[in-house]
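Remarks on the structure that follows.
The values are calculated or read from the model by the stated rules, or taken from the named source; none is laboratory data. Note that the structure is predicted; figures quoted are calculated from it, not measured. Every residue, glycine as well, gets a Cβ built from its backbone with ideal geometry; the counts of neighbours run over all protein chains shown. Note: accessible area is taken over every heavy atom of the protein model, side chains too, but ligands, DNA and RNA are not part of it. Shrake-Rupley method; radii C 1.70, N 1.55, O 1.52, S 1.80 Å.
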Amino acid sequence: EQHRKAVADFDNSVIESVAASLRHCTAVIARAPRSPDEDPNIVERFRNGYRRARKRLLPRATGARPDELHRFRKAVVVHRYQLEFMLPGAADRIEELEALRRRLGKVQDLEMLKTTVRKRSNHDGECERLIRLAERRQRKHTRKAIRAARRLLDRRTSHAWPRETAFY
(Lines give C-alpha, C1' and ligand atoms only; values in the text may rest on other atoms or scores of the structure.)
Protein backbone atom coordinates (compact mmCIF):
# COMPACT_ATOMS: atom_id res chain seq x y z
CA GLU A 1 0.00 0.00 0.00
CA GLN A 2 2.84 2.39 0.87
CA HIS A 3 4.58 1.57 -2.37
CA ARG A 4 1.44 2.25 -4.38
CA LYS A 5 0.82 5.57 -2.61
CA ALA A 6 4.45 6.61 -3.00
CA VAL A 7 4.43 5.93 -6.71
CA ALA A 8 1.06 7.64 -7.11
CA ASP A 9 2.24 10.70 -5.19
CA PHE A 10 5.79 10.59 -6.62
CA ASP A 11 7.15 10.93 -3.10
CA ASN A 12 10.88 10.53 -3.71
CA SER A 13 11.84 10.13 -0.04
CA VAL A 14 9.51 7.14 0.40
CA ILE A 15 10.66 5.61 -2.88
CA GLU A 16 14.30 6.00 -1.83
CA SER A 17 13.69 4.43 1.59
CA VAL A 18 11.84 1.47 0.04
CA ALA A 19 14.63 1.02 -2.50
CA ALA A 20 17.21 1.11 0.30
CA SER A 21 15.32 -1.55 2.28
CA LEU A 22 15.08 -3.75 -0.82
CA ARG A 23 18.83 -3.38 -1.39
CA HIS A 24 19.44 -4.37 2.22
CA CYS A 25 17.22 -7.47 1.83
CA THR A 26 19.09 -8.43 -1.33
CA ALA A 27 22.41 -8.15 0.50
CA VAL A 28 21.18 -10.30 3.39
CA ILE A 29 19.90 -12.97 1.00
CA ALA A 30 23.17 -12.94 -0.91
CA ARG A 31 25.12 -13.58 2.33
CA ALA A 32 22.91 -16.51 3.36
CA PRO A 33 24.14 -20.01 2.52
CA ARG A 34 22.34 -21.60 -0.40
CA SER A 35 22.79 -25.25 0.50
CA PRO A 36 23.46 -27.35 3.61
CA ASP A 37 27.03 -27.91 2.38
CA GLU A 38 27.80 -24.18 2.55
CA ASP A 39 26.74 -23.87 6.20
CA PRO A 40 28.57 -26.23 8.59
CA ASN A 41 26.15 -25.47 11.43
CA ILE A 42 22.99 -26.32 9.53
CA VAL A 43 22.93 -29.96 10.59
CA GLU A 44 23.39 -28.96 14.22
CA ARG A 45 20.58 -26.40 13.92
CA PHE A 46 18.35 -29.06 12.40
CA ARG A 47 19.15 -31.45 15.25
CA ASN A 48 18.46 -28.71 17.80
CA GLY A 49 15.11 -27.89 16.18
CA TYR A 50 14.08 -31.53 16.33
CA ARG A 51 15.20 -31.86 19.95
CA ARG A 52 13.40 -28.64 20.90
CA ALA A 53 10.15 -29.97 19.44
CA ARG A 54 10.62 -33.25 21.32
CA LYS A 55 11.46 -31.43 24.53
CA ARG A 56 8.34 -29.27 24.35
CA LEU A 57 6.13 -32.33 23.82
CA LEU A 58 3.73 -32.46 26.74
CA PRO A 59 3.42 -35.71 28.70
CA ARG A 60 -0.38 -35.56 28.73
CA ALA A 61 -3.19 -33.46 27.34
CA THR A 62 -4.97 -32.88 30.63
CA GLY A 63 -3.73 -29.83 32.42
CA ALA A 64 -1.84 -28.52 29.41
CA ARG A 65 -1.57 -24.76 29.65
CA PRO A 66 -2.18 -22.66 26.53
CA ASP A 67 1.26 -21.04 26.75
CA GLU A 68 2.92 -24.48 26.82
CA LEU A 69 0.93 -25.56 23.80
CA HIS A 70 1.84 -22.35 21.99
CA ARG A 71 5.58 -22.86 22.67
CA PHE A 72 5.22 -26.44 21.44
CA ARG A 73 3.48 -25.20 18.30
CA LYS A 74 6.32 -22.76 17.58
CA ALA A 75 8.88 -25.56 18.00
CA VAL A 76 6.87 -27.78 15.63
CA VAL A 77 6.77 -24.99 13.04
CA VAL A 78 10.54 -24.53 13.21
CA HIS A 79 11.13 -28.27 12.92
CA ARG A 80 8.72 -28.54 10.00
CA TYR A 81 10.43 -25.77 8.01
CA GLN A 82 13.87 -27.17 8.77
CA LEU A 83 12.73 -30.60 7.66
CA GLU A 84 11.29 -29.20 4.47
CA PHE A 85 14.62 -27.51 3.76
CA MET A 86 16.84 -30.48 4.68
CA LEU A 87 14.72 -33.32 3.34
CA PRO A 88 12.16 -32.16 0.81
CA GLY A 89 11.51 -35.83 0.01
CA ALA A 90 9.98 -36.41 3.45
CA ALA A 91 6.61 -35.14 2.24
CA ASP A 92 4.55 -37.52 4.39
CA ARG A 93 6.22 -36.39 7.58
CA ILE A 94 5.99 -32.73 6.55
CA GLU A 95 2.24 -33.12 5.95
CA GLU A 96 1.79 -34.75 9.36
CA LEU A 97 3.71 -31.94 11.06
CA GLU A 98 1.63 -29.38 9.18
CA ALA A 99 -1.59 -31.11 10.33
CA LEU A 100 -0.26 -31.03 13.90
CA ARG A 101 0.54 -27.32 13.54
CA ARG A 102 -2.97 -26.60 12.28
CA ARG A 103 -4.55 -28.51 15.15
CA LEU A 104 -2.40 -26.68 17.70
CA GLY A 105 -3.38 -23.45 15.95
CA LYS A 106 -7.05 -24.28 16.51
CA VAL A 107 -6.33 -24.78 20.21
CA GLN A 108 -4.68 -21.35 20.33
CA ASP A 109 -7.56 -19.76 18.39
CA LEU A 110 -10.08 -21.21 20.84
CA GLU A 111 -8.03 -19.85 23.74
CA MET A 112 -8.07 -16.40 22.17
CA LEU A 113 -11.83 -16.69 21.62
CA LYS A 114 -12.37 -17.56 25.28
CA THR A 115 -10.20 -14.66 26.40
CA THR A 116 -12.02 -12.20 24.17
CA VAL A 117 -15.47 -13.38 25.25
CA ARG A 118 -14.48 -13.18 28.92
CA LYS A 119 -13.22 -9.63 28.47
CA ARG A 120 -16.30 -8.39 26.64
CA SER A 121 -19.04 -10.44 28.21
CA ASN A 122 -21.57 -9.11 30.64
CA HIS A 123 -21.74 -12.55 32.29
CA ASP A 124 -24.95 -13.59 30.64
CA GLY A 125 -25.86 -17.19 29.92
CA GLU A 126 -25.01 -17.09 26.23
CA CYS A 127 -21.43 -15.99 26.84
CA GLU A 128 -20.91 -18.66 29.48
CA ARG A 129 -22.36 -21.25 27.12
CA LEU A 130 -19.98 -20.14 24.37
CA ILE A 131 -17.01 -20.37 26.75
CA ARG A 132 -17.99 -23.88 27.85
CA LEU A 133 -18.36 -24.95 24.21
CA ALA A 134 -14.96 -23.49 23.34
CA GLU A 135 -13.37 -25.25 26.33
CA ARG A 136 -14.86 -28.57 25.29
CA ARG A 137 -13.59 -28.19 21.72
CA GLN A 138 -10.23 -27.04 23.00
CA ARG A 139 -9.85 -30.16 25.17
CA LYS A 140 -10.79 -32.35 22.21
CA HIS A 141 -8.27 -30.67 19.88
CA THR A 142 -5.60 -30.76 22.59
CA ARG A 143 -6.05 -34.50 23.13
CA LYS A 144 -5.86 -35.18 19.40
CA ALA A 145 -2.83 -32.92 18.98
CA ILE A 146 -0.91 -34.52 21.85
CA ARG A 147 -1.74 -37.98 20.54
CA ALA A 148 -0.49 -37.06 17.05
CA ALA A 149 2.59 -35.35 18.49
CA ARG A 150 3.45 -38.37 20.60
CA ARG A 151 3.19 -40.55 17.53
CA LEU A 152 5.49 -38.22 15.58
CA LEU A 153 8.03 -37.22 18.20
CA ASP A 154 8.01 -39.62 21.13
CA ARG A 155 10.96 -41.97 20.82
CA ARG A 156 9.00 -44.89 22.28
CA THR A 157 6.80 -45.09 19.19
CA SER A 158 7.88 -46.88 16.06
CA HIS A 159 6.92 -43.97 13.80
CA ALA A 160 9.14 -41.44 15.59
CA TRP A 161 12.54 -40.69 14.14
CA PRO A 162 15.70 -41.70 15.98
CA ARG A 163 16.73 -39.48 18.87
CA GLU A 164 19.98 -38.43 17.26
CA THR A 165 18.27 -37.94 13.90
CA ALA A 166 20.99 -39.89 12.12
CA PHE A 167 18.73 -40.17 9.07
CA TYR A 168 20.17 -37.07 7.44
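Below, the figures for the structure above:
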{"item": "Which of CYS25, CYS127 is most accessible, then next, and so on - probe 1.4 Å", "result": "CYS25, CYS127"}
{"item": "Segment 79-126: radius of gyration and largest Cα-Cα distance (Dmax), Å", "result": "17.4, 53"}
{"item": "By accessible area with a 1.4 Å probe, ligands and nucleic acids excluded, highest first: order of LYS106, LYS144", "result": "LYS106, LYS144"}
{"item": "Low-density loop cleavage sites - trypsin sites (Lys or Arg not before Pro) in segment 59-94, where at most 16 other Cβ are within 10 Å (DSSP)", "result": "ARG60"}
{"item": "List SER17, SER121, ordered by accessible area with a 1.4 Å probe, largest first", "result": "SER17, SER121"}
{"item": "Qualifying lysines (Cα of each under 29 Å from Cα of LYS74; at least 8 residues distant if same chain)", "result": "LYS55, LYS106, LYS114, LYS119, LYS140, LYS144"}
